[in-house]
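No lab work stands behind these numbers, since they all come straight from the coordinates. It should be emphasised that the depicted structure is a prediction, and the values quoted were computed from it without experimental measurement. Positions of Cβ are backbone-derived with ideal geometry, glycine not excepted, and every protein chain shown enters the neighbour counts.
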Amino acid sequence: MNITRHVLIGSGLMLMAGQAFAQTGLNFESEDGQYSMQVQGRLQVDGALFDEDVSDFDNDVEFRRARLTFKGTVHSDWTYAAQLEFSGDAVEKKDLYIGHKPSGIMIGQFLQPSSLSRLISSKYLTLMERSSVVESLATGRRSGLGWKRASDDWTVFAAIYDSETDGGNEEPGYGVRATWAPINADSQVFHLGATLVSEGAKDEDTESSRFRSRIEANLGNHLIDTGTLSDVDRVNKVGIEAAWVNGPLSLQSEYMMANVSRDAGLGDVDLDGYYLMGSYFLTSESRPYKKGVFSRITPRSEGGAWELAARYSHTNLSDGVIEGGESDVITLGVNYHPHKHVRFMANYVMADTERAGISDNPSVFQIRAHIDF
C-alpha cells in the first residue's frame, strides 16, 4: 500500500471540501469525480403570538425544523440521500433513498407525487406554512419505488408506495404528477400541473383515515378535523395546479379533492379545497423555476431582497354526516433575504373556521429566522 499516495488523496479531498464550503456548502469528491458526498443542513426557529377566539392557544417559540442531510453519488450513476430531523429528544428520518440517474428510478422513503406546494422545499416556501388544504389532503413522505423524467419544460413523476406513514400497509398507494411549462424563460414562467393518487387507509390495522388541518401556524391547533373515518377502502385524490411568474410578480394556485371510499355500507366522503397566493419582490428579484418546482431566491444586491406575499385558502372537510368543518384563512407575509442562505419571515394569519356549528376565528402573528447551508 502506498501510504503517501493515500495521504495526498485525502488531503486533496479535504482541500476541495474546504473550498466548496466557502461557496455552496460542505462537499467531498473523489479525484475522478465518480464519488461525492454533500452535507447540507437547515435550522428554522419560529415564534407565535395568538389572538384567541374560542380555542386556547399557547404563545411559544419552537425549532420548526432542524435537519441534516447527506447526499451524493456513487460511481457517477447512483445517487443517495439521507435526511434526518432532530425534534426534542427524537431523531426522525425524512428522505432516505437510493436513486439511479440514467433510469430515473429511486427506492426508499421520499416525498410522493403530490401538490406543487408540497414538493417545494421548506427552504423555499413563500409563506411560513403551506396552505391548510395542502396540509390536510396532500400525501407526504412514504416508502416506495419512484420514477422521474424531466426536461426544462415538462416533468413526469410516478410512484408506488406504502399507504401508511409508518409503513406496513398491504394496500399500496399509486401516484403520478405531470407538469408542463409552455412559457419558461428568464423571469417569465407559466406552469401547469396535475396529480392523480390512489392509496389505502392511513392505518391498515383499524382500516381508518383521518384528515385535519391547523390554521397555517404550526404552533396552532387543528381546528378542522374529520376525526377517525372507519372502514376505509381507498382514498382517491385529484390535484390541479397553476403558477405564473412575470419578473418580480408571482401568482400560484392549486385545487385538491379527496374521495374516501368506505365499506360496510358507509357512504363515500368527499373533501376538497383550494388556495390562491401572490407575491411581489420590491427589490426586483424573480422566483427561480426548475423541473416543475420553485427554488432558492438569490438577492440581486448586497442590501438583500424584500418580498411581500398574501394567500387565501379554503378547506372543506365536511360531507354529509361527517362534520370535519370548513376554514377560510388569509395569510399576509413579509420576507427579508439578506443572503441566499439566510431569511427572516413575518406572517399575520387570520382564520375563519366552523365545525359542528361552532365558529372559531383566531389570528396569529408569527416570525421565523432561517439559515441553511
Could the peptides 210-218, 350-358 be put in order, highest first, of the mean number of other beta-carbon atoms found within 10 Å of their residues?
210-218, 350-358
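Quick one: dipole size for the chain, taken about the Cα centre, charges +1 on Lys/Arg Cβ and -1 on Asp/Glu Cβ, in debye to the nearest 20.
On the way: 34 positive and 52 negative charges, 421 e Å.
Using Cβ point charges on Lys, Arg, Asp and Glu, the chain gives about 2020 debye.
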Taking the structure as given and computing log10 I(q)/I(0) by the Debye sum over Cα atoms at q = 0.07, 0.10, 0.13 Å⁻¹, which label from (i) -0.33, -0.66, -1.07; (ii) -0.34, -0.70, -1.18; (iii) -0.28, -0.59, -1.05 fits?
(ii)
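Can you tell me the relative contact order of the chain? Whole percent, Cα pairs under 8 Å, sequence separation 6 or more. Show your work: numbers first, answer last.
Working: 1039 pairs, mean separation 52.1, N = 373.
It comes to 14 percent, rounded to a whole number.
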In whole Hz and in residue order, list the ³J(HN,Hα) couplings for the range 110-120 that follow from phi through the Karplus curve 6.51 cos²θ - 1.76 cosθ + 1.60, θ = phi - 60°; x for Gly and Pro.
6, 5, 7, x, 7, 6, 4, 4, 5, 8, 6
Which of Ala138, Ser284, Tyr274 sits closest to the plus end of the dipole of the chain, meaning its Cα is farthest towards the positive end, when Lys and Arg get +1 and Asp and Glu get -1 on the C-beta?
Ser284
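With a sphere of radius 13 Å drawn around the Cβ of Ile105, what net charge do the other residues whose Cβ falls strictly inside it have (Lys, Arg +1; Asp, Glu -1)? Please list the in-between numbers first.
Numbers: positive: Lys101, Lys148, Arg149; negative: Asp77.
It works out to a net charge of +2.
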